[in-house]
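Data first, discussion second: the structure below is written as structure tokens.
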Amino acid sequence: MPIQFVLLPLFVQVALTFGLMLWMAFSRAGALKRRETTLADTALGQSNWPPRVQQVSNCYQNQFQLPVLFYVLTILSIITRHADFLFVVMAWLFVLSRFVHAFIHTGSNYVRHRFNAFALGAVILLAMWIIFALRILLGLP
């Protein structure tokens, strides 16, 4: 599998993270400019940001949970030459689930739907790890 195909889902996930970071930064700057809060009020915690700003911030922070395991798995799959077509398809499904999760998280924030998107991504990532581990431990291609 060409390295570009393997890395493209990872690059898209990274782009999502940076996009959310920029959105969060602009949202925070806007809230400060509109005097909805002050830097002093937010210095020790995020709970003093306006709800919409906090919603985007929470979504950004969430990109450093499950996706970290995705990044590690992608790197390990490349190093061990176990990144095949199945890996790439599952990687795209995982990244798609992260976009759906982020869309819900920063939109309606309906917890049941957000959880379903999160759980789907978690199950896909778990399956990716199980397949990878079995291939490594059993010496499968």
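You will find that of SER77, SER47, SER97, the residue that is modelled with pLDDT under 95 and in a helix (DSSP H, G or I) is SER47 and no other. Taken together, the residues in the stretch 51-65 that are buried (at least 19 other Cβ atoms within 10 Å of the Cβ) and under 17 Å from LEU10 (Cβ atoms) amount to 1.
With respect to ARG28, determine if the residue is in a loop (DSSP other than H, G, I, E, B) and either out of contact with any strand residue (DSSP E or B) (no Cβ under 7 Å at 6 or more places or on another chain) or of a type outside the set (Lys, Arg) (or both). So that I can check it myself, show each step before the final result.
On the way: in a loop (DSSP other than H, G, I, E, B): no; either out of contact with any strand residue (DSSP E or B) (no Cβ under 7 Å at 6 or more places or on another chain) or of a type outside the set (Lys, Arg) (or both): yes.
Spelling it out, it is not the case that ARG28 is in a loop (DSSP other than H, G, I, E, B) and either out of contact with any strand residue (DSSP E or B) (no Cβ under 7 Å at 6 or more places or on another chain) or of a type outside the set (Lys, Arg) (or both).
Quick check: is even one residue across the stretch 7-16 small (Gly, Ala, Ser) and surrounded by 14 or more Cβ atoms within 10 Å (Cβ to Cβ)? Within the stretch 7-16 (the criterion being small (Gly, Ala, Ser) and surrounded by 14 or more Cβ atoms within 10 Å (Cβ to Cβ)), the answer is no, since none of the residues qualifies. Within the stretch 18-51, the set of residues being under 17 Å from THR106 (Cα atoms) and touching a helix residue (DSSP H, G or I) at 6+ places or on another chain (Cβ under 7 Å) comprises LEU20, MET21, TRP23, MET24, SER27, ARG28, ALA31, GLN46, TRP49, PRO50.
Taking each residue of the stretch 44-55 that is over 14 Å from ARG34 (Cα atoms) and looking for partners that are surrounded by 17 or more Cβ atoms within 10 Å (Cβ to Cβ) and among the hydrophobic types (A, V, I, L, M, F, W, C) with beta-carbon atoms closer than 9 Å, six or more apart or interchain, yields GLN46/VAL53.
The values are calculated or read from the model by the stated rules, or taken from the named source; none is laboratory data. Model, not experiment: these values are computed from the prediction. Don't worry about glycine lacking a Cβ; one is built from the backbone with ideal geometry, like all the others, and counts go over all protein chains shown.
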